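The values are calculated or read from the model by the stated rules, or taken from the named source; none is laboratory data. Source: prediction; values computed, not measured. For neighbour counting, all protein chains shown are included, and Cβ atoms are generated from backbone atoms with ideal geometry for every residue, glycine included.
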Protein chains: 2
Amino acid sequence: MTRGLTARQAQVLEFIQDFTHGNGYPPTVREVAANFGFRSPRAAHDHMKALEKKGYMRSRAGRPRALEILQSRRGIPLLGKIAAGKPILAVEDAEEVLGLEPNFFGQGRFFALRVRGDSMIEDHIAEGDLVILKAQADARSGEVAAVLLGDEVTLKRVVPGKKGVELKASNPAVKDILVSPSDDPPRVLGVMVGLVRKN
Amino acid sequence: MTRGLTARQAQVLEFIQDFTHGNGYPPTVREVAANFGFRSPRAAHDHMKALEKKGYMRSRAGRPRALEILQSRRGIPLLGKIAAGKPILAVEDAEEVLGLEPNFFGQGRFFALRVRGDSMIEDHIAEGDLVILKAQADARSGEVAAVLLGDEVTLKRVVPGKKGVELKASNPAVKDILVSPSDDPPRVLGVMVGLVRKN
DNA sequence: CCTCCGACTAGACCTGCGTATAGTAAAAGT
DNA sequence: ACTTTTACTATACGCAGGTCTAGTCGGAGG
């Protein structure tokens, strides 16, 4: 769960985020209460105060609907160095957050990596490009994915075969990597769903 | 100016957009009034009603701060067919609006075009990619630009020379175009500042 | 066992804010 | 010349909605 939130508080936060995104403005205390079936606005108000104390939102006292969600969890974090073994996809660790609207690349959790080198050049993925990846632990055959190999992240085309998983570059000058079943299996961090290039 | 809006209405709309973007929630009628120095909330309310009637925003009667900006004018319009000769960069003509935050690609007015064909493939601009262009009427030598030739828009590298302006593709299979000074000069619509690829 | 905390109900206070009524004044159509 | 539109001021009504006081109930911790 999100850091230090009770299940109920996380639900409330999520509702507020969805409502705000869907309507263009945040809900009132009573609208939150109604959504959860609370008979008293006090219940919703308490949760919202808790969320505020924990730094998830800010509000202006006495002003209806005047609440802002902080730590938006929206937008796509551009991750710099990914530490080995750790499942670090939190926005807090982002070098930068790309200001794309949620669902720009579909549904799910996304992150971005800056391409170093030209190993995927024949797929027209050039050095400096930002590759957008959907966070998931497995890739279908032939998909381009960010793979954790030892303590380095590389972008490769993943092709499982009889002799193990093959990690193919799309540059003839770069040789493919074969991870045999006896080795540590390659860990897929996410599959490529898009690309952003800023000149 | 934006379609059918008076100068004042456009100012009000812009303020509401900025306020909403900056605070995470829309302003009240009185906050709009205060921003413009109106002594009566009525003045702001009238403008907001006018904006609503013209389809720029929607609001829920009686509910404080419950207004949603439609036709956001934020984001980058993806233009489909660009009619010949007309300076059409308005959001209204957009096939789709890319949900990027303003200034994602810097300051200025931007639009997007979907790449057809692979004439720029060696610059790793592939078919189906969305090229982001900054709207301006001139390109420096060597820049990739959207150029209006006759009544078609093409993406080419612009290189002015003695014999006229050369429009170079980055695909050896596609021959360059030379626009000699006696011809109609090519009209630059914008220069490329980025690229977005959605798989 | 007792106390704390989370998650609520019930009811009420009071003010912020949308909205209405009634104007004024200048610019722009027609 | 007249109506219409734009752009406001002044004042007020009434209710939506933030917030308060005063509780209940169950589960976790010491």
How many of the residues making up the range A:110-146 are away from chain B (no Cβ under 14 Å), modelled with pLDDT under 90 and crowded, with 20+ Cβ neighbours inside 10 Å? 1
Answer from A:Arg42, A:Arg65 - the residue that is more than 14 Å from chain B (Cβ to nearest Cβ) and of a type in the set (Lys, Arg): A:Arg42
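Which residue out of A:Leu189, A:Leu178, A:Leu155, A:Leu195 is touching a Ser or Thr at 6+ places or on another chain (Cβ under 9 Å) and either within 14 Å of chain B (Cβ to nearest Cβ) or over 15 Å from A:Ile121 (Cβ atoms) (or both)?
It is A:Leu155.
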Failed item, numbered, when B:Ser40 is tested on (1) in contact with an Asp or Glu (Cβ under 7 Å, 6 or more places away or on another chain); (2) within 12 Å of DNA strand D (Cβ to nearest atom): (1)
Could you grab me the full set of residues in the range B:27-37 that are within 13 Å of DNA strand D (Cβ to nearest atom) and either within 14 Å of another protein chain (Cβ to nearest Cβ) or not small (Gly, Ala, Ser) (or both)? B:Thr28, B:Val29, B:Arg30, B:Val32, B:Ala34, B:Asn35, B:Phe36
Every residue in the range A:11-49 that is part of a helix (DSSP H, G or I), surrounded by 18 or more Cβ atoms within 10 Å (Cβ to Cβ) and among the small types (Gly, Ala, Ser), please. A:Ala33, A:Ala44
One residue from B:Val174, B:Val188 being surrounded by 15 or more Cβ atoms within 10 Å (Cβ to Cβ) and assigned to a strand (DSSP E or B): B:Val188
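Identify, from the list A:Arg157, A:Arg197, the residue that is on the phi < 0 side of the Ramachandran plot, touching a Lys or Arg at 6+ places or on another chain (Cβ under 6 Å) and modelled with pLDDT of 90 or more.
On the way: A:Arg197 fails: touching a Lys or Arg at 6+ places or on another chain (Cβ under 6 Å).
It is A:Arg157.
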Count of residues meeting criterion [among the hydrophobic types (A, V, I, L, M, F, W, C), surrounded by fewer than 20 Cβ atoms within 10 Å (Cβ to Cβ) and in a loop (DSSP other than H, G, I, E, B)] in the range A:159-169: 0
Quick one: is A:Gly24 more than 12 Å from DNA strand D (Cβ to nearest atom) and without any contact (Cβ under 8 Å) to a residue 12 or more places away in the chain? yes
Cβ-Cβ below 7 Å, separation at least six or inter-chain, first residue in the range A:37-49 and under 22 Å from A:Leu70 (Cα atoms), second within 7 Å of DNA strand D (Cβ to nearest atom): which pairs? A:Ala44/A:Val29; A:His45/A:Val29; A:Met48/A:Val29
Is it true that some residue in the range B:61-70 is among the charged types (D, E, K, R) and modelled with pLDDT under 90? no
Do we have any residue at all in the range A:148-158 that's in the same structural domain as A:Glu96 (by TED's automatic domain parsing), within 23 Å of the chain's Cα centre (by Cα) and not in a strand (DSSP E or B)? yes
Quick check on the range A:52-62: of everything there that is of a type outside the set (Asp, Glu) and surrounded by 14 or more Cβ atoms within 10 Å (Cβ to Cβ), which residue is nearest to DNA strand C (Cβ to nearest atom)? A:Lys54
Scan the range B:178-196 for residues that are under 18 Å from the mean Cα position of the chain (by Cα) and not aliphatic (A, V, I, L, M) and jot them down. B:Arg187, B:Gly190, B:Gly194
What pairs can you find where one residue is in the range A:55-71 and part of a loop (DSSP other than H, G, I, E, B), the other is small (Gly, Ala, Ser) and surrounded by 13 or more Cβ atoms within 10 Å (Cβ to Cβ), and their Cβ atoms are less than 6 Å apart, with a gap of 6+ or different chains? A:Arg60/A:Ala66; A:Ala66/A:Ser59
Is there a residue in the range B:40-51 that is within 24 Å of the chain's Cα centre (by Cα) and more than 11 Å from DNA strand C (Cβ to nearest atom)? yes
